[in-house]
1. Taking Cα pairs under 8 Å and at least six residues apart, what relative contact order does region 236-342 come out at, in percent?
2. Counting heavy atoms of the protein chains only and a 1.4 Å probe, report the per residue accessible area for region 99-144 as a whole number of Å².
3. If we count every other residue with Cβ under 11 angstrom of Arg219's Cβ, Lys/Arg +1 and Asp/Glu -1, where does the sum land?
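The values are calculated or read from the model by the stated rules, or taken from the named source; none is laboratory data. For clarity, every value in this text was computed on a predicted model and none was experimentally measured. In this analysis, Cβ positions are derived from the backbone assuming ideal geometry, glycine residues included, and neighbour counts consider all displayed protein chains. Just the protein is used for accessible areas: all its heavy atoms, side chains included, with ligands, DNA and RNA removed. Shrake-Rupley method; radii C 1.70, N 1.55, O 1.52, S 1.80 Å.
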Amino acid sequence: MPSFCGNTSSIRPITRPRRPKMLGWKPMKFLQNQRHAQPVSPHRQWLTATLLGLLFLTIGCASPGNPRPPSLNLPELVTDLTAHRIGDQVELRWTTPARTTDGIDIKGSLTAELCRQTNFTASPAASCTPLQRIAVTPGASHAIDPLPPPLTVDPATLLAYRIQIFNAAGRSAALSSPAFTAAGAAPPPVQQLHATVTRDGAIIEWQHESTTSPVELDRTLAGPPKAPAPSPAKSKSLLQLAPPSPTEVRLKTPTDQPDAGGTADPSAHKGDTYTYTAQRVRAITLHGHQLELRSPISSPVTLHFNDTFPPLSPTGLVAVPAGTGAAIDLSWEPGTEADLAGYHVYRQELTASNQPIGTSQRLTQTPVTGPALHDATAIAGHHYAYRVTAIDATGNESPPSDPVLETAPEP
């Protein structure tokens, strides 16, 4: 049957039939009851035919498109598989897809199958040996591949891993792209890790090993960073206090050097608590791939960095008459500590032979923040010895400076 869809030139209007011109013709009338049916008039016949024609034309032009086959519910390919060599095993991580290759949500259970290929460089198209099948759900996923002994000794070789996700019917779209790591000997683990506090930061030490593989330290902050203590003088310190510690810091010893058995962490902040772990790292390049073989992560060690270290004693103290009355001006070299809060000034009265009289007096009720002081309380003709101490934000006070002698001038 010819199709009229989209071709209006082939559609002709249906004309109303004309009444026959017969002499004496009149429409017949019938009684409208259950026993007699009313005849259909020519006008109604024309209207019915027109409506039926339009209906058939509309049905014929409603094209539903090409039929789509039913979805096979195949999970999408994994695109972010990674492989990390740690000790004598490989840690594999990926994101299990939540949608099918048709772009719809996956229905039913999912199973991941991992495979390992040891001759990838010689034959990239060679089959990948299945390792294990595990039940997975959409989202972040991981698995561990314990390496057989032949793959944990040198020489180092390239390993390739792939993964495919099966649906509940056991069907999969395909294998993922390979993720690479290395077979071979991993560096020795870091043992006997311990940490101590010093004035200049933390010292991290471990058992010495005969290796040139560097040690990588991972430092994490235990709890929120401690806010710097306010200055006892409640004013701005000479030097800005160090910013808060970051949540995580990674430190590394020099590469290709003999193991020193320890390192310093000068970025540790006083008042904070840290947890340290360590790994040795062996870096190699195989067929253009830069890879790492890491030792197992060491046992963690916690360090409470309590600030028990006072600042260094001030230096360069000088005392001179102020030039007005009996006052004496003092000045000294500023301290360099990051948590320096200020200074206290002490005065000791002396005899004419420079022997102390009574006890020394602290002239500063609160620490002064600058390296200078104007002593307007000196008495004319009296002999004095001055000393200065430094105070940090925790309240630790340094030993006093070397004394300086001065006599208050007579008016």
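1. Working: 118 pairs, mean separation 33.2, N = 107.
After rounding, I find 31 percent.
2. Values: 2680 Å² over 46 residues.
Averaged over the residues of region 99-144, the accessible area is 58 Å².
3. Summing Lys and Arg as +1 and Asp and Glu as -1 gives -4.
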